[in-house]
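Colleague: First the structure, which I've put down as structure tokens, then a few questions once you've had a look.
The values are calculated or read from the model by the stated rules, or taken from the named source; none is laboratory data. Quantities reported herein were computed from a predicted structural model and do not represent experimental measurements. When we count neighbours, we look across all protein chains shown, and the Cβ atoms used for this are built from the backbone with ideal geometry, even at glycine.
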Amino acid sequence: MSSIDDILITCESRIGYKFRDQLLLRRCLTHSSAAETRLDSNERLEFLGDSVLGVVICEYLFQNFPDQREGQMTQMKSWLVSRQTCARVARLLNVEELILVGRGLQSIPDSILSAVVESLIAGVYFDGGMEAARQFIHTSFREELALCRPEDAENFKSQLQEITQRDVGKTPEYIVVEETGPDHARVFCIVARVGDTVFESGCGKTKKEAEQRAARNAVEALQRPTPARDAAE
């Protein structure tokens, strides 16, 4: 048995799904740095998997939160399909060491971990159909789905705290950087700081409002691709 065969068997065991098409599974795990051409990598599968994940998550939210408005469900969906969430799922599935990458990559960034999860979703969809993909997502994302609470849909401070405690083991701090206006119409500007990282400030008529806006800026910044991550893709 070749090392590639070992990797594929191990992957099937860890994700709980056996592929009929082993070449498809191999492509799911192949980063562009290890492929002959980009078309031989998992990039196209990642593109499809992102959409399949979105449909299944929207369906889940629609069925399980019948009293929530569209805006709240959009916030919950954004959290569940984010790069950070998919990367955490990859670590929970323990597939990091199974990804086929070029020799130049010394570590696996979140962008690659996230891409592999989305590629596996597409692979299961092609190999076993929509119901198999739905079951794979529900099982793989079960911890994230369990943590998705409607009351936190627009609570960016709660979202930021969950992200930072999980990813770096630190709690955000909120620092007032500016106060302007007369006493009856004060405007507060606050930044969120996590360790040595300070995010874009948020302003509001109350400190609570400013903190929420600062937290939102931080959450959005953490969900955006960084140049370093893009270079690794």
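Colleague: Looking at (1) touching a residue at least 40 places away in the same chain (Cβ under 8 Å); (2) farther than 30 Å from SER33 by Cα, which is the one condition that is false for GLU173?
Modeller: It is condition (1) that GLU173 fails.
Colleague: Within the set of pairs 6 or more residues apart or between chains, which connect a residue that is not assigned by TED's automatic domain parsing to the domain that holds GLU118 inside the stretch 28-39 to a residue that is outside any helix (DSSP H, G or I) with Cβ atoms less than 6 Å apart?
Modeller: Hits for this filter: zero, empty list.
Colleague: Shifting gears a bit: Looking only at residues in the stretch 172-207 that are in contact with a helix residue (DSSP H, G or I) (Cβ under 6 Å, 6 or more places away or on another chain) and β-branched (Val, Ile, Thr), which one is farthest from TRP79 (Cα to Cα)?
Modeller: By that ranking, first place goes to ILE190.
Colleague: Determine if the stretch 86-93 includes at least one residue that is surrounded by fewer than 18 Cβ atoms within 10 Å (Cβ to Cβ) and not assigned by TED's automatic domain parsing to the domain that holds VAL168. Walk me through how you get there before you give the answer.
Modeller: First, pick out the residues of the stretch 86-93 that are surrounded by fewer than 18 Cβ atoms within 10 Å (Cβ to Cβ): 91-92.
Now drop any that are not not assigned by TED's automatic domain parsing to the domain that holds VAL168, which leaves 91-92.
Yes: the stretch 86-93 contains one or more residues that are surrounded by fewer than 18 Cβ atoms within 10 Å (Cβ to Cβ) and not assigned by TED's automatic domain parsing to the domain that holds VAL168.
Colleague: Here's another thing I want to ask about it. Under 7 Å by Cβ, and 6 or more places apart or on different chains, what pairs join a residue from the stretch 55-69 that is under 27 Å from GLY129 (Cα atoms) and of a type in the set (Lys, Arg) with one that is loosely packed, with under 14 Cβ neighbours inside 10 Å and modelled with pLDDT of 95 or more?
Modeller: Listed pairs, sorted by first residue: none to list.
Colleague: State whether the residues of the stretch 41-55 include one that is on the phi < 0 side of the Ramachandran plot, crowded, with 16+ Cβ neighbours inside 10 Å and touching a Gly at 6+ places or on another chain (Cβ under 7 Å).
Modeller: Scanning the stretch 41-55, I find at least one residue that is on the phi < 0 side of the Ramachandran plot, crowded, with 16+ Cβ neighbours inside 10 Å and touching a Gly at 6+ places or on another chain (Cβ under 7 Å), so the answer is yes.
Colleague: A follow-up question, please. Residue by residue through the stretch 68-113, note down the ones that are touching a helix residue (DSSP H, G or I) at 6+ places or on another chain (Cβ under 8 Å), over 22 Å from PHE47 (Cβ atoms) and at pLDDT below 90. Step through it out loud before you land on a result.
Modeller: Residues of the stretch 68-113 touching a helix residue (DSSP H, G or I) at 6+ places or on another chain (Cβ under 8 Å): 68, 72-73, 76-96, 98-102, 104-105, 108-113.
Subsequent filtering for residues that are over 22 Å from PHE47 (Cβ atoms) retains 68, 72-73, 76, 91-92, 94, 104.
Within the stretch 68-113, GLN68, GLN72, MET73, MET76, GLY104 meet the criteria.
Colleague: Of everything in the stretch 41-89, what is more than 18 Å from the chain's Cα centre (by Cα) and not in a helix (DSSP H, G or I)? Give them in sequence order.
Modeller: The answer is SER41, PHE65, PRO66, ASP67, GLN68, ARG69.
Colleague: Considering each residue of the stretch 76-117, count those that are acidic (Asp, Glu) and free of Cβ contacts under 8 Å to residues at least 24 places away in the same chain, and give that number.
Modeller: Of the stretch 76-117, the ones acidic (Asp, Glu) are 96-97, 110.
Checking the rest, the ones that are also free of Cβ contacts under 8 Å to residues at least 24 places away in the same chain come to 96-97.
Qualifying residue count for the region: 2.
Colleague: Turning to a different aspect of this structure: Taking into account only those residues within the stretch 20-31 that are in contact with a helix residue (DSSP H, G or I) (Cβ under 9 Å, 6 or more places away or on another chain) and over 15 Å from VAL117 (Cα atoms), which is surrounded by the most Cβ atoms within 10 Å (Cβ to Cβ)?
Modeller: First, the residues of the stretch 20-31 that are in contact with a helix residue (DSSP H, G or I) (Cβ under 9 Å, 6 or more places away or on another chain): 20-22, 24-31.
So of that shortlist, the ones also over 15 Å from VAL117 (Cα atoms) come out as 20-22.
Numbers: ARG20: 9, ASP21: 12, GLN22: 15.
Ranking the candidates gives GLN22 first.
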